[in-house]
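What follows is a short report on a single structure.
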Amino acid sequence: MDDLTRRQQFYQFSKGRPRAHVFQTVSSIDAPERERYDYWLKSVIYNLEVPRPNAAQQRDFVASVTSLATLSGEMHHVEADGYEGIRTRGQIRADGGEELALLYVLDGRIEGSHEHGADAVAGPGEFYLFDAARPGKVQFCGRHSMIQIDLSRPLLASIFTGSIPDPALIGKALNSSRLSGLLGAHLAQFPKKATALNPMEQLGLLDVSEAFAITTIETAFTSAYGDRGSRNEGLFAAAQRYIRLNLGKKTLGAEEIARAIGCSRASLYRLFATYHLTVNGQIRELRLQKLKALLESPDQLVPISVLAERCGLFDTPNVNRAFRHRFGLSPSELRESQSSSADGDTGQKSRE
């Protein structure tokens, strides 16, 4: 196929996250040399305002990315020449982007910061966290290679007391943890491992990788800064962890959670109220997030009601209303969009 046909087949991440399963490789070499920088921006970059190309970038910009994505998450392996970008308040208001991207550097260097936060630097074998909900800047210094995995904001927020801390603080804790090497080794296997998997297995890889990253961040941050917290913070983290591990239980509720973490039900209610949350509201949010991830699976044979019950959601009419209110479409509409996109061959495999 010619270069134009190849370019037209790829999903453009500059449009935001895809509704359907996508596994693809995009390379700037598919475009003429003097168009490669713009092609890269239009195909891949979003949530960042990137300056006009300098002389070297205008002359030729070499970059490629292998991507695995669904509506609920994404993972990328990037090899690219250097560029930089900023995230402004105007962009945040305009696109409402809330992506949290954890970047693992294989080669090269990343520098950046978020507004009112510390400067952060990551080299080979280190992590950098980018939060699209905060104004900031990031620079990919020269030729670089990295793995990016997007993290669920509700899941990441659930491991902290109050708001999510400065990304530089999280990155520092993660890079100091003895577990960071294990997470890095796992992420570095992408995309080689993903290429050999079928779509269902690829989504499993995406879910496992995000869970691994969230758990590693939680452990690293607690180890680094846990002595600054109070007993309430430890109880809150324990409650969140228990909820995530038991979403499918029909009996999951305040009494069971309080008993599991060693406090009274009244204390649990007060604890969640301190962070402007309710126990039932947080359970519902995490159950809906899990159901959405299951519906994005390419396996269309399992009835929606069965998937909902796996998430602890048993009242179908209320589930439909809550799901539509949270995500803007019903569970069946999400599944239909996945099926239609698959039939239309939206996501092209890199091994074609």
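Below is a table of values for the structure above.
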{"item": "Strands (runs of 3 or more DSSP E) enclosed by segment 60-171 - at least 1 residues per element that are farther than 17 Å from VAL44 by Cα and aliphatic (A, V, I, L, M)", "result": "100-114, 120-122, 127-131, 136-151"}
{"item": "Identity of the residue in segment 172-190, assigned to a loop (DSSP other than H, G, I, E, B) and over 16 Å from VAL105 (Cβ atoms), that ends up least open to solvent (accessible area, probe 1.4 Å)", "result": "LEU179"}
{"item": "Test for LEU197: is it surrounded by fewer than 20 Cβ atoms within 10 Å (Cβ to Cβ) and within 22 Å of VAL105 (Cβ to Cβ)", "result": "no"}
{"item": "Residue match in segment 57-66 (condition: open to solvent by less than 10 Å² (accessible area, probe 1.4 Å), among the aromatic types (Phe, Trp, Tyr) and farther than 27 Å from LEU205 by Cα)", "result": "yes"}
{"item": "Hits in segment 22-56 (condition: touching a strand residue (DSSP E or B) at 6+ places or on another chain (Cβ under 9 Å), open to solvent by 30 Å² or more (accessible area, probe 1.4 Å), assigned to a loop (DSSP other than H, G, I, E, B) and of a type in the set (S, T, N, Q))", "result": "none"}
{"item": "Every residue from segment 138-171 that is farther than 27 Å from ALA239 by Cα and either polar (S, T, N, Q) or surrounded by fewer than 18 Cβ atoms within 10 Å (Cβ to Cβ) (or both)", "result": "GLN139, CYS141, GLY142, ARG143, SER145, GLN148"}
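Every residue, every condition in (1) in contact (Cβ under 8 Å) with a residue 60 or more places away in the chain; (2) of a type in the set (Phe, Trp, Tyr); (3) touching a Cys at 6+ places or on another chain (Cβ under 7 Å); (4) within 30 Å of ARG326 (Cβ to Cβ), yes or no:
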| residue | (1), (2), (3), (4) |
| --- | --- |
| SER113 | no, no, no, no |
| PHE140 | yes, yes, no, no |
| ALA173 | no, no, no, no |
| LEU182 | no, no, no, no |
| PRO199 | yes, no, no, yes |
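The values are calculated or read from the model by the stated rules, or taken from the named source; none is laboratory data. Predicted, not measured: the structure shown is a model, and the values here were computed from it. Cβ coordinates were reconstructed from backbone atoms using ideal geometry, including for glycine residues, and neighbour counts include every protein chain displayed. Please note that ligands, DNA and RNA were not included when accessible areas were found on the heavy atoms of the full protein model with its side chains. Shrake-Rupley method; radii C 1.70, N 1.55, O 1.52, S 1.80 Å.
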